[in-house]
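Reading through the structure tokens given below for one structure.
Every number in this text was worked out from the coordinates using simple rules, so none of it is lab data. Here the structure is a predicted model, which is why all the values come from computation and not from measurement. All Cβ positions, glycine included, derive from the backbone under ideal geometry; neighbour counts span all protein chains shown.
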Amino acid sequence: MSLFTGAYANPLASTAQPAMQSVLNATRQTLSLAGAPNVNNMALIVVALTGFKGTLNHPWAALREQEEHYSGSLLKIAAMYAAFDLRASADQVASSGSGLSTWPQIDAALKAQFNPEITAHTPSLINGSTLLKPEDKSRKPDYSAVLTLGTGPDFTVDFTQTQKDAFENMMVIQDNPGATTTIHGLGYPYLNGKIADDGFFDGTSKGMWLAGDYAQIWRAARIPCINDLDTAQGTTLWHLAKLMTLLADDKLVGSLSSGEMKGLMARAGNFFHQTTPPIWPTDGRFIASHGKVGIGPLKSNKKVFSEALIVRDTLRELEFVVIWQNVIQDGQTQRKLFEPVATMAEAVMNSFVP
């Protein structure tokens with residue numbers, strides 16, 4: 001089997017849903033006139049899930065969804081998904097009936113089959129980068145650091161305990177060391193080649209880009225972005241919303257892998273629930289059931305915040321993907337900073353008619 005299988009079908013409708021978009025535009029304008037922070041520059045997308053699972057026409061509304069922004073730790077989602085995809089592909093190799101029964105045999109088979117593919121699919125922004133060291137441009141996954149023989153019924157090849165701990169650290173605790181471990185295990189060539197081949201980066205300047213290791217151990221490869229000149233950890237909402245919708249629909253990598261990834265994100269903290277007092281109380285109408293926050297420093301030394309969520313409207317029993325980025329803190333408390341974001345997201349969710 002091939003490690004690179006081409007782009008996922010886009011689960012989002014080709015154009016914004018008119019009623020949802022109209023409400024979003026009107027709410028943003030009202031907040032702007034009231035002097036709310038960030039509403040004229042932030043990016044936001046809301047995607048309806050309920051009633052559209054598995055389809056290619058999920059309704060949505062958005063602001064600045066095609067802009068590339070630095071989003072810091074939000075891009076750890078990309079490292080997680082690429083690692084799960086590597087496991088799924090390795091599992092297919094090991095389960096192919098070719099007599100591979102020990103880890104050394106499987107490891108050798110992965111190197112023989114996958115490494116030439118990774119070389120062929122390494123983005124020119126990586127192998128042609130003037131910022132990276134030569135070894136960074138041609139690294140291959142450290143298969144034995146990431147993967148091992150599985151012990152359960154579902155996967156012949158599974159994650160090492162070290163890699164499982166790294167997922168816990170970067171996705172649940174939402175810290176940097178686990179992300180560094182994961183990125184070092186995958187390497188920039190596979191990581192960004194996979195993201196691009198799956199349709200989450202356009203190959204030049206737009207989409208999910210992760211070429212920094214959150215520890216400054218490896219050099220970073222950067223692309224232009226709106227909010228910070230350039231970035232090694234950036235995305236557009238459009239590309240991340242495609243990934244998050246596929247994840248919510250259990251279509252990202254596979255249903256078992258989607259479930260495991262959502263299991264990690266279900267135990268992570270979320271901004272709207274953790275402000276003082278909470279913007280969204282945990283017993284309130286809107287519940288962030290799964291999420292990943294993004295926090296990072298801009299070159300201006302200000303902090304920029306972002307977040308990707310699966311949200312449940314408990315009143316109407318509806319689910320949505322909500323993602324936002326480029327919310328810059330300039331002296332506000334987090335509650336004051338995030339209130340306009342929540343207000344716009346709530347307005348769009350309220351406007352959706354299933």
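In this label model, ILE217 and GLN66 are separated by 3.9 nm, measuring between points 7 Å along each Cα→Cβ vector. Cα axis of helix 177-186 to longest principal axis of the chain: angle in degrees, 0 to 90, nearest 10? The two axes meet at around 50 degrees. In the chain, the DSSP-assigned H stretches of four residues or longer account for a calculated mean residue ellipticity at 222 nm of -12000 deg cm²/dmol, using -39500 (n - 2.57) per stretch and the full residue count as denominator. With a ≥ b ≥ c taken as the square roots of the eigenvalues of the C-alpha gyration tensor of region 209-354, please select rounded if a/c is under 1.5 and otherwise prolate if a/b is larger than b/c or oblate if it is not? The shape class here is oblate. For region 282-345, trypsin sites (Lys or Arg not before Pro) are listed when DSSP marks them as loop and at most 16 other Cβ atoms sit within 10 Å of their Cβ; the list is ARG285, LYS299, LYS302, ARG316. Computed over region 41-189, the convex hull of the alpha-carbon atoms projects to a mean area of 12.2 nm². Set against the labelled values [x] 25.2; [y] 21.9; [z] 20.6, Kirkwood radius over Cα pairs in Å computed from this structure falls on [z]. Here is the list for region 1-79: trypsin sites (Lys or Arg not before Pro) lying in DSSP coil, each with at most 16 other C-beta atoms within 10 angstrom of its C-beta, are LYS53. For region 295-354, GluC sites (Glu not before Pro) meeting the loop criterion (DSSP other than H, G, I, E, B) and having at most 10 other Cβ atoms within 10 Å: GLU317. In this simple spin-label approximation, SER22 and ALA145 carry label points 7 Å from Cα along the Cα→Cβ vector, and these lie 5.4 nm apart. Evaluating 6.51 cos²θ - 1.76 cosθ + 1.60 at θ = phi - 60° for every residue in region 261-268, the Karplus couplings come out as 5, 5, x, 5, 6, 6, 9, 8 Hz, glycine and proline recorded as x. Quick one: angle between helix 188-197 and the longest Cα principal axis of the chain, in degrees between 0 and 90, rounded to 10, please. Taking Cα atoms only, the helix is inclined about 60 degrees. FRET efficiency for the ASN57 to ALA34 pair, using the beta carbon distance and R₀ = 51 Å, is estimated at 0.90.
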